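Novice: Provided herewith is a single structure, encoded as structure tokens, for subsequent inquiry.
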Amino acid sequence: MGTVYLTGAGPGDIDLLTVKALRVVQQADVIIYDRLANPDILAEAKDGCEFVYVGKEDSHHTLPQEEINEVIYQAALKHDNVVRLKGGDPMVFGRGGEEGLYLRERNIKFEFIPGITSAIAVPEYAGIPVTHRGVTVSFRVVTGHESRKTHSQIHWENFKTDDTIVFLMGLHNLNKITKKLMEIGKAKDHPVAVISRGTRPDEKTVIGTLEDIYEKAKDLPTPALIVVGEVVKLHHQLSWFEK
Ligand code: SAH
């Protein structure tokens, strides 16, 4: 039985892969990867390495998680070095914990290899610090995509805060998110950024307010994330990556 490396691929820019992640990719017998992991990373694999793609292009959803768990498990029964490669960090809305639990129950050895999360790195490439002295002392990372079948687990009242709020998977709910934030009392002109395809050559940042960001940003290509908070204003001085 092999070892599974639950590995973060970083947010897009291939140079944001960690040295440790690169090492396991180079030694991998099989790499099971997602839509958000930069496929150029696969070029680093050794000859004969097997690639298994478990994401679908046309939706947010990958294979059912249960099936992905089983694919990883079966790979570990056959190979010594199994890399499960995920966008950003495996434990930030990456279901890395669930995959770890599945493997633990079946006595498969695993290691987590953290990745640079898009939640911090993508705003950073857009010149938006998630914390900034004198502006905000904390930030939170929230899912903007909730299963429609279940009741909302987001407690909007909790967003009456000066925290920077980063919404992942939220572009399709942008209108709803901005409305909710205004309903709980945030000002119409509260700053918002939407950053599309962050850290990639075609990164694009759109700056607006709770009131107008939906119209400005709704057609941006995914992946995209939403940043809400006063730190967004620093973009004008700190933007460095987008030409
Ligand atoms: N584990 C990942 C997040 C998975 S959730 C991480 O740590 O980064 C997927 C969401 O992340 C996307 O819907 C999008 O909101 C965000 N995301 C990932 N990569 C991105 C990128 N390059 N640019 C903008 N948003 C990104």
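What follows draws every value from the coordinates through simple rules; no lab data is involved. Note that this is a predicted model, so its numbers are computed, not measured. In this analysis, Cβ positions are derived from the backbone assuming ideal geometry, glycine residues included, and neighbour counts consider all displayed protein chains.
Novice: In a GNM of the chain with a 10 Å cut-off on Cα contacts, which of L22, L101, L36 has the highest mean-square fluctuation?
Specialist: Answer for the Gaussian network model of the chain: L101.
Novice: Springs between alpha-carbon pairs under 10 angstrom, Gaussian network model over the chain: which of P223, P64, P191 fluctuates most?
Specialist: P64
Novice: Moving on. For Y125, what is the net charge nearby, where nearby means another residue's Cβ is under 15 Å from its Cβ and Lys, Arg count +1, Asp, Glu -1?
Specialist: Local charge sum for Y125: -2.
Novice: Rank Y5, P191, V166 by how far each Cα sits towards the positive end of the charge dipole of the chain (+1 on Lys, Arg Cβ; -1 on Asp, Glu Cβ) and give me just the farthest.
Specialist: Towards the positive end, the residue furthest out is P191.
Novice: Next question. List nothing, just return the count: lysine pairs in segment 118-238, 8 or more apart or interchain, with Cα separation under 13 Å.
Specialist: Step by step, the pairs that qualify in segment 118-238 add up to 7.
Novice: Follow-up. For the chain, find the longest principal axis of its Cα atoms and tell me its angle to the long axis of helix 174-183, 0 to 90°, nearest 10.
Specialist: Here the helix axis deviates by roughly 50 degrees.
Novice: Which of these, T199, T161, T117, has the largest mean-square fluctuation under a Gaussian network model of the chain (Cα springs below 10 Å)?
Specialist: Per the Cα network of the chain with a 10 Å cutoff, T161 tops the list.
Novice: If contacts are Cα pairs under 8 angstrom and at least 6 residues apart, what is the relative contact order of segment 3-113 in percent?
Specialist: About 42 percent, as a whole number.
Novice: Ok, one more. In the chain, if the dipole is taken from +1 on Lys/Arg beta carbons and -1 on Asp/Glu beta carbons about the Cα centre, which of G87, N38, T136 is farthest to the positive end?
Specialist: It is T136, whose Cα lies furthest towards the positive end.
Novice: Something else about it: Which whole-number percent gives the relative contact order of the chain, counting Cα pairs below 8 Å spaced six or more residues apart?
Specialist: Computed over the chain, the figure is 21 percent.
Novice: So, with +1 on the Cβ of K and R and -1 on the Cβ of D and E, and no other charges, what is the size of the charge dipole of segment 118-238 about its Cα centre, to the nearest 20 debye?
Specialist: So the dipole magnitude of segment 118-238 works out to roughly 240 debye.
Novice: If the chain between T18 and A43 were fully stretched, how many nm would it gain, using 0.36 nm times the residue separation less the Cα-Cα distance?
Specialist: 7.4 nm
Novice: Give the lysines reachable from K109 as a straight Cα distance under 28 Å; neighbours fewer than 8 places away on the same chain don't count.
Specialist: Here the lysines satisfying the reach criterion relative to K109 are K20, K46, K56, K78, K86.
Novice: Name the long-range amide H neighbours of R84: under 5 Å, sequence gap of 5 or more, or other chain; modelled H, no Pro or chain starts.
Specialist: Y5, L6, T7, I32
Novice: Now for a separate question. Let me check I've understood the local charge: for F241, count other residues with C-beta under 15 angstrom from its C-beta, Lys and Arg +1, Asp and Glu -1. What total comes out?
Specialist: -2
Novice: Let me spell out the model: positive unit charges on the Cβ of Lys and Arg, negative unit charges on the Cβ of Asp and Glu, origin at the Cα centre of segment 1-152. What dipole size does that give, in debye rounded to 20?
Specialist: Here the size comes out at about 480 debye.
Novice: In percent, what relative contact order does segment 113-243 have, based on Cα pairs under 8 Å that are 6 or more apart in sequence?
Specialist: Reported as a whole number, the value is 33 percent.
Novice: Ok, one more. Take every DSSP beta bridge with both residues inside segment 8-96 and express the antiparallel ones as a percent of the total, to the nearest 5.
Specialist: Just about 20 percent of them are antiparallel.
Novice: Using modelled backbone amide H atoms (1.01 Å from N, in-plane), which distant-in-sequence or interchain residues come within less than 5 Å of K109's amide H?
Specialist: Residues meeting the amide H criterion: V4.
Novice: Shifting gears a bit: Take every DSSP beta bridge whose two residues both sit in the chain, then give the antiparallel share in percent to the nearest 5.
Specialist: In the chain, approximately 40 percent of DSSP beta bridges are antiparallel ones.
Novice: Taking θ = phi - 60°, what integer Hz values does the Karplus form 6.51 cos²θ - 1.76 cosθ + 1.60 yield along segment 119-136, in sequence order, with x for Gly and Pro?
Specialist: Working through the residues one at a time gives 4, 9, 5, 5, x, 4, 5, 8, x, 10, x, 5, 10, 7, 4, x, 10, 8 Hz.
Novice: Just to check I understand the Karplus step: with θ = phi - 60° and J = 6.51 cos²θ - 1.76 cosθ + 1.60, what whole-Hz values come out for segment 89-100, glycine and proline as x?
Specialist: Result, rounded to whole Hz: 9, x, 9, 9, 6, x, 6, x, x, 5, 5, x.
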